[in-house]
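First comes the structure, then the notes that go with it.
None of the figures in this text is laboratory data; all of them are computed from the coordinates on show. Keep in mind it's a predicted model, so treat the numbers as computed, not measured. A quick note on method: Cβ atoms are made from the backbone with ideal geometry, for glycine too, and the neighbour counts reach across all protein chains shown.
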Amino acid sequence: MTDVRYTKDHEYIRITGDIGEIGISDYAQKQLGDVVFVELPQIGASFGKGDQAAVVESVKAASEVYAPVSGEVVEVNSGLEAAPASVNEDPLGKGWFLKIRLADSGELDALMDEPAYRDFLKTLG
Amino acid sequence: MSQSESLSNSVLNVTPLHALHVRLGARMAGFAGWDMPIQYADGLIAEHLWTRRSAGLFDVSHMGQILLEGPGAIAALERLIAADIAGLGENRIRYAQFLTHDGGIIDDLMVTRLPAAIGIDRLFLVVNAGRKAVDVAHLAQSLAGSGVNMQVLDDRALIALQGPRAIDVLKDRLPGVENMAFMSFMTIGEALITRSGYTGEDGYEISLPASQIDAFADDLLNDERVKPVGLGARDSLRLEAGLCLYGHDIDETTSPVEAALAWSIGKRRRIEGGFAGADRIQRELREGPARKRIGLLLEGRQPAREGAQIATPDGQIVGAVTSGSFSPSTERCIAMGYVAAAFARADTPLNVLVRGKALPARVVSMPFVPHTYIR
């Protein structure tokens, strides 16, 4: 089964089995504006929940992307090198950043599901 | 995700066009104490490219507009700047910098010499929003007792219309502007118009009473050749044009010679001196500055930002980036910064250090994108 969870920092993680695909939400890409570069981690790197996992750069500024949960990087989206604008065009699809093997699926409980994230965005005005 | 953008929580000033920006769906953010449009619905890159191709409308009402009037106003201003204003024709404009006694830059500004009665000088200054209060205090102190009157035109809005079609758009509304020379000034009714800008494109800046600006901007935006452009694209456009942003590329520690702005120092002024900071500036003109502002073209797609160190290929740190971004027009990453003078020559290979990586770059002459000013 597939399940998408969100952080308050606007990362998402899509869970398939013990693999999580991480990117930034549609709200986040709109806030950033035109994405021109994404710095991705090495395959095999390990992150704790909340560690910096990637850097996304718009024309204006660089922003850090944090790991929503702990895990080990198993794949990165090398397509972003040639087409960083995929993050704007299709943030939850072609614009994904990296996939990790979850270290502790219990950490997912602290994240928001889709309706909860939508409610959270409303509070941001 | 976290953005390093700084937003002030204090109450922000708003321009007379604030409601228009909100209505157009702009993303607003604090800039130099003002709530300003960063980008509109089309986004930064689209706005940037539209300005290079057609005509972009910018609200720059946050900038300071100042009138100096009185006998000796030119001489008084020339003590604060190194540009030649006495040698400037009426209705002509020069770029200048207010200088500290040490030759640092308090602010950069545009100076227009207005027509005036014999014996009375009249000057129109446009200064940066973030330095307006400092500039006004500096002027007030310098002019005290001189008989020169300073008037801050807080009741006026300022817009810029920039790009190759700006001339055609504006001449339909303000006939006569098509005949203006680059860096010249004219008035039409209550409009103060300069053929100038901050994008490297041909274009105009138009000052109008605040009460008239909404209708004028609306009319411009109804023209299909015009789109609104936010401060985001204003920054990427000026970077491509090799133009300095105060507080980033120039400040009170940088001299105009180091900043590669010596072209703005008048020949007469170089010889005569008689301006703040003349000792340092004349010495640097004679001997060359210790460091220079340069342009960098990066090889890869990763941008280098303000603060990134600049190193030689063998790792010696020789300077730092002061502005850097992705250039929408060239689809390359470009930057400007200061390096020790020995490394400032065009084609010098250098690295920019970003998050532990050395990004290869080389020194290039600026502008990065050719200016298209009318000459």
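Pairs A:Lys30/B:Lys171; A:Lys8/B:Lys227; A:Lys30/B:Lys357; A:Lys60/B:Lys227: which exceed 25 Å Cα-Cα?
A:Lys30/B:Lys171; A:Lys8/B:Lys227; A:Lys30/B:Lys357
Please compute the average number of Cβ atoms from other chains found within 10 Å of each residue's Cβ in peptide B:326-339. The partial results should precede the final answer.
Values: counts 9, 2, 3, 0, 0, 1, 0, 3, 0, 0, 0, 0, 0, 0.
Mean shielding count: 1.
Going by Cα centres, the range A:1-66 and the range B:32-50 are how many Å apart?
24
Please arrange B:Arg355, B:Arg27 by counting, for each residue, the other beta carbons lying within 10 Å of its beta carbon, fewest first.
By the 10 Å Cβ count, ascending, the order reads B:Arg355, B:Arg27.
Using helices alone, what [θ] at 222 nm do you get for the protein assembly as shown, with -39,500 (n - 2.57) per DSSP H run of 4 or more residues, divided over all residues and rounded to the nearest 500?
Estimated from H runs of four or more residues: -5500 deg cm²/dmol.
Identify, among A:Ala45, A:Asn88, A:Gly106, the residue whose Cα sits farthest towards the positive end of the charge dipole of the range A:2-117, taking +1 on the Cβ of Lys and Arg and -1 on the Cβ of Asp and Glu, with the dipole about the Cα centre.
A:Asn88
Treat the count of other C-beta atoms within 10 Å as a stand-in for reagent exposure and order A:Val76, B:Val257 from fewest to most.
A:Val76, B:Val257
Among B:Asn13, B:Val60, B:Phe31, whose Cα projects farthest towards the positive end of the dipole of the range B:1-130, with charges put on the beta-carbon of Lys, Arg (+1) and Asp, Glu (-1)?
So the residue we want is B:Val60.
Of the chymotrypsin sites (Phe, Trp or Tyr not before Pro) in the range B:310-375, which ones lie in a loop per DSSP and count no more than 16 other C-beta atoms within 10 Å?
Numbers: sites: B:Phe326, B:Tyr338, B:Phe343, B:Phe368, B:Tyr373; in loops: B:Phe368, B:Tyr373.
Filter output for the range B:310-375: B:Tyr373.
Filter the trypsin sites (Lys or Arg not before Pro) in the range B:48-156 down to the DSSP loop ones having no more than 15 other Cβ atoms within 10 Å, then list what survives.
Of the trypsin sites (Lys or Arg not before Pro), the ones in loops of the range B:48-156 whose Cβ has at most 15 other Cβ atoms within 10 Å are B:Arg79.
For the range A:6-125, what relative contact order do you get, as a whole percent, if you take Cα pairs closer than 8 Å and at least 6 residues apart?
For the range A:6-125, the relative contact order is 30 percent.
Which of the GluC sites (Glu not before Pro) across the range B:199-230 are loop residues per DSSP, with 16 or fewer other Cβ within 10 Å?
Values: sites: B:Glu201, B:Glu205, B:Glu224; in loops: B:Glu201, B:Glu224.
Here the GluC sites (Glu not before Pro) that fit, given the DSSP loop and packing criteria, are B:Glu224.
Lys/Arg Cβ at +1, Asp/Glu Cβ at -1, dipole of the range B:291-369 taken about the Cα centre: which of B:Ser323, B:Ala358, B:Phe368 is farthest positive-ward?
Positive-end residue among those listed: B:Ser323.
If one computes the Cα centroid of the range B:85-133 and of the range B:278-298, what distance in Å separates the two points?
When both Cα centres are located, 22 Å separates them.
So if I place +1 on the C-beta of Lys and Arg and -1 on the C-beta of Asp and Glu, and nothing else carries charge, what would the dipole magnitude of chain B be about its Cα centre? I want it in debye, nearest 20.
Using only the charged Cβ atoms, the result is roughly 940 debye.
Compute the relative contact order of chain B as a whole-number percentage, counting only Cα pairs closer than 8 Å that sit 6 or more residues apart in sequence.
18
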